[in-house]
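Everything below concerns the one structure shown next.
Please treat every number below as a calculation from the coordinates, not as lab data. Keep in mind it's a predicted model, so treat the numbers as computed, not measured. With ideal geometry, Cβ positions are generated from the backbone for all residues, glycine too; neighbour counts draw on all protein chains shown.
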Amino acid sequence: MTEKTNSSGLGDPFVPSPMRDNWYQSSSFYGSSFALITSVDETGLTNIGPYQLSFPFEVIKRRSWMVISRPTSNTVANVRRTRKCALNFVEYDAAKIQTILEFGYPGQPTAEKMAYNTFKLVDSPTPGRGLPDHPQIIADAFQVFECTLDVERINENPILRDSASAHLLLNIDNILLKQSWLGQVDGRGDRMPRIALTYGFRGASSFWFGETQPAYKLPIPDKGPKHEVVHYEANRIDPEVIFSLEASKQLTGIPRAFLRQVLEGIVRQAKARGVAQVDAAFVTELNRERR
Ligand SMILES: Cc1cc2nc3c(=O)[nH]c(=O)nc-3n(C[C@H](O)[C@H](O)[C@H](O)COP(=O)(O)O)c2cc1C
């Protein structure tokens with residue numbers, strides 16, 4: 001039999017891993033991107049802290065983000081005081097990994113961290129988001145989320161409020177993309193940022209990072225017309241025009257390649273006629289007019 005390159009072959013049995021605190025990196029493997037969080041310290045300096053436990057939380061209607069931190073970090077103190085922070089995402093750059101690693105060493109005051117910082121901090125381009133209430137952002141980042149801490153909803157939720165870790169529920173106020181990435185965000189282009197990855201802190205002496213391979217895209221499998229696909233596509237075009245399930249069922253005959261174009265046309269017609277709910281009758285009416 002040929003040797004497999006990834007060691008967990010079919011003959012390799014599953015065995016229990018002992019549960020420990022910080023289980024995601026002490027009892028298991030977890031690789032992901034991470035955010036460099038900028039926040040303002042009590043002297044007005046922008047602080048940078050790396051956070052792997054940092055992911056989309058609410059994605060429909062509300063845009064929010066969750067960060068899980070040790071409760072004594074600079075970031076937690078700053079965000080609780082000012083309510084503001086920015087999540088900066090950088091592409092993989094071997095020369096910058098050392099700085100990120102050092103930023104992750106607990107207990108350093110902001111001035112000490114900024115003395116060896118190799119990232120360029122700049123003012124936010126968003127009106128009203130300047131110092132001293134809002135942090136600077138990292139010019140090297142390919143995207144930045146500018147956020148506000150949702151103190152009210154944290155206090156209403158016992159899991160977020162009483163956990164031994166700090167759970168920062170952040171509402172995303174703005175998403176800033178570098179201009180050259182804006183045209184790629186809908187996946188029509190051929191480029192994807194080479195997002196830096198981490199595999200966390202291991203065995204008391206090492207922190208693991210990963211270099212990403214260039215991303216590639218595959219066409220979505222064509223499994224025939226499904227009204228769920230139409231419904232999903234239709235309802236993410238314009239939040240002011242909602243398609244009913246019945247309307248989506250009527251539109252399953254459209255070839256995949258033209259689906260988006262046709263749905264955008266229906267949304268345009270709906271808006272021109274002041275229609276907020278596209279139902280089956282509206283689709284029938286448009287079909288009748290086209291004949
Ligand atoms: C890549 C990377 C990811 C990290 N992710 C987390 C995390 O998700 N949660 C956490 O509490 N600490 C995490 N750390 C450790 C923090 O960065 C560390 O506590 C640091 O002191 C935080 O900086 P601050 O005190 O300036 O906020 C991470 C460190 C690195 C290098």
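Calculate the spin-label point distance for THR148 paired with ASN174, positioning each point 7 Å from the Cα along the beta-carbon direction, and give it in nanometres.
1.3
Please figure out what share of the DSSP beta bridges in the chain is antiparallel and state it in percent, rounded to the nearest 5.
So the antiparallel bridges in the chain amount to around 95 percent.
State the Cα centre-to-centre distance between the range 59-79 and the range 147-166 in whole Å.
9
In whole Å, what are the Cα extents of the range 136-214 along the three principal axes, biggest one first?
44, 37, 25
Provide the packing ranking of 96-108, 167-179, i.e. peptides ordered by the mean count of other C-beta atoms within 10 Å per residue, highest first.
My ranking of the peptides, most packed first, is 167-179, 96-108.
Between PHE55 and GLN269, how high is the FRET efficiency from 1/(1 + (r/R0)^6) when r is the Cβ-Cβ distance and R₀ = 30 Å? Nearest 0.05.
Computed FRET efficiency for PHE55 and GLN269: 0.20.
Along the charge dipole of the range 199-256, which of GLY203, ALA247, ALA234 sits closest to the positive end, that is, farthest toward it, with unit charges on the beta carbon of Lys, Arg, Asp and Glu (+1, +1, -1, -1)?
With unit charges placed on the Cβ atoms, the residue in question is GLY203.
Against the globular-protein guess of 2.2 N^0.38 Å, express the Cα radius of gyration of the range 3-45 as a ratio, rounded to two decimals.
So the Cα radius of gyration is 2.05 times the expected 2.2 N^0.38 Å.
So what's the convex hull volume per residue for the Cα atoms of the chain, in Å³? Present the calculation step by step, with values, prior to reporting the outcome.
On the way: hull volume 62.0 nm³, N = 291.
About 213 Å³ per residue, rounded to a whole number.
Could you put PHE55, PHE34, PHE207 in order, starting from the residue whose Cβ has the fewest other Cβ atoms within 10 Å? Walk me through the numbers before you get to the answer.
Details: PHE55 13, PHE34 21, PHE207 16.
By the 10 Å Cβ count, ascending, the order reads PHE55, PHE207, PHE34.
Could you please rank LYS226, LYS84, placing first whichever residue has the fewest other Cβ atoms within 10 Å of its Cβ?
Ranking LYS226, LYS84 by Cβ neighbours within 10 Å, fewest first, gives LYS226, LYS84.
Cα-Cα over 22 Å: which of LYS61/LYS271; LYS217/LYS249; LYS96/LYS217?
Check vs 22 Å cut-off fails for LYS217/LYS249; LYS96/LYS217.
Restricting attention to the alpha-carbon atoms of the range 96-145, what are Rg (one decimal) and Dmax (integer), both in Å?
12.2, 33
Rounded, prolate or oblate: which fits the range 204-291 when a ≥ b ≥ c are the square roots of the eigenvalues of the alpha-carbon gyration tensor, with rounded for a/c under 1.5 and prolate only if a/b beats b/c?
In terms of gyration-tensor shape, prolate.
Tell me, what is the Rg over Rh of the range 172-249, with Rh the Kirkwood radius over Cα pairs? Mind showing how you got there, number by number?
On the way: Rg = 19.2 Å, Rh = 16.9 Å.
Taking Rh as the inverse mean 1/r over Cα pairs, Rg/Rh reads 1.13.
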